[in-house]
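The values are calculated or read from the model by the stated rules, or taken from the named source; none is laboratory data. Since we're looking at a predicted model, the values are computed, not measured. As a convention, Cβ positions derive from the backbone with ideal geometry for all residues, glycine included, and neighbour counts pool all protein chains shown. The protein model used for the area step is the full one, side chains on, heavy atoms only, and it has no ligands, DNA or RNA in it. Shrake-Rupley method; radii C 1.70, N 1.55, O 1.52, S 1.80 Å.
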Amino acid sequence: MTSDGLVQLKFDAKEYKTNVHPEWCPGCGDFAILKALKNALFEMQYDPKDTILVPGIGCSSKMMSAVGTYGLHTIHGRALPVAAGLKFANHDLNVISFGGDGDMLGIGGNHLLHACRRNVDMILIIPNNQTYGLTTGQASPTSDLGFKTKTSPTGTVDQPLLPALLAVTAGATFVARTTSAKTGHMQEMIEAAFKHKGMAVIEVMQFCITFNKINTPDYYAPRYYDLADDMDYVKDDKDAALVKANQWDDKIPLGIIYQAEKPTFEDGFEQLAGKPLVVKRSSEPRDIQSIYDELK
Ligand SMILES: Cc1ncc(C[n+]2csc(CCOP(=O)(O)OP(=O)(O)O)c2C)c(N)n1
Ligand code: SF4
Ligand SMILES: [Mg+2]
């Protein structure tokens, strides 16, 4: 508390920034996700040296380098097992994984199922632009039926997956949907996920203005409604959550679709009840030199 009664914050907003500016197309929805993530980290006052971002590979995954925490850029589809391993080794860390719809529901779909059913205490953000952005716009597992691309010139014939529905079904204990068109709402969902104990999955409808000209903010704006406006909605009712997560037509719900308290993966190991298995060795954010030196 300062002399004028204000709360003294430990970390300034600039602690969560770096001087890296990801190369995204002007107008890409990833800019807003990055902003919401940094705002949420600041609001939570997470210590940057106790926080690690673990993305896969894709346009959205580039945001890791712009956040002033630790980061481990993994390979396409494999972010979740790495993130879960980090949490297991040091459960004092705030672990935030993220990857696009291709990353998390295509090549990494298997890992998504198991991270959810294990209820690992970490966050997963899925920027869902319904296309493979980085590799120039092929159809992804969430593309609409009939989505035309260079590799599906007559339109894709594959039934799309719904990330939030998959997450609820597989056992995640926090599942929310938000949109890159609403930075404040995204930040609210990320903060709610940070406060949750267990696997928290946030699907962000993220707009790829370059390769997806169909699923645009204007396309979705009239369809969205906010579950927070429904006072009767009970978040820990799984049957109700399945209905909401599956609603994908002229009405699409945003907000916390499902949230329940259940034992986490880490709770299942008495070895983790005390201190972490491995205590981090460097003291400053991004001071990785001491670890390199030890491995020489
Ligand atoms: C093992 C492997 N397979 C394929 C690729 C090529 N690749 C890189 S990003 C990507 C898809 C990106 O789409 P998505 O995950 O939806 O992320 P976005 O770029 O849309 O944010 C693919 C197929 C790769 N880098 N590694
Ligand atoms: S290709 Fe799409 S997702 Fe990638 S930076 Fe450009 S607008 Fe964003
Ligand atoms: Mg994508």
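Here are the numbers for the structure shown:
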quantity: Cβ pairs under 6 Å, 6+ apart, first in region 192-218 and at positive phi, second among the hydroxyl-bearing types (Ser, Thr, Tyr); calculated: GLY198/THR173; GLY198/THR264
quantity: Extreme residue, most open to solvent (accessible area, probe 1.4 Å), among residues of region 168-181 that are closer than 15 Å to LEU254 by Cα and of a type in the set (Gly, Ala, Ser); calculated: ALA181
quantity: Of residues in region 128-142 being within 7 Å of ligand 3 (Cβ to nearest atom) and outside any loop (DSSP other than H, G, I, E, B), the one surrounded by the fewest Cβ atoms within 10 Å (Cβ to Cβ); calculated: TYR132
quantity: Members of region 70-84 that are within 24 Å of ASP50 (Cβ to Cβ) and open to solvent by 40 Å² or more (accessible area, probe 1.4 Å); calculated: LEU72, HIS73, ARG78, PRO81, VAL82
quantity: Extreme residue, farthest from ligand 3 (Cβ to nearest atom), among residues of region 195-216 that are open to solvent by less than 20 Å² (accessible area, probe 1.4 Å) and not in a loop (DSSP other than H, G, I, E, B); calculated: ALA200
quantity: Residue ID - modelled with the highest pLDDT, chosen from residues in region 144-155 that are polar (S, T, N, Q) and open to solvent by 20 Å² or more (accessible area, probe 1.4 Å); calculated: THR154
quantity: Residues of region 94-109 satisfying the condition of being under 27 Å from PRO276 (Cβ atoms) and either open to solvent by 10 Å² or more (accessible area, probe 1.4 Å) or more than 11 Å from ligand 3 (Cβ to nearest atom) (or both); calculated: ASN94, VAL95, ILE96, SER97, PHE98, GLY108
quantity: Residues that are outside any helix (DSSP H, G or I) and within 16 Å of ligand 1 (Cβ to nearest atom), drawn from region 73-93; calculated: HIS73, THR74, ILE75, HIS76, GLY77, ARG78
quantity: Test: ILE288 is open to solvent by 20 Å² or more (accessible area, probe 1.4 Å) and of a type in the set (A, V, I, L, M, F, W, C); calculated: yes
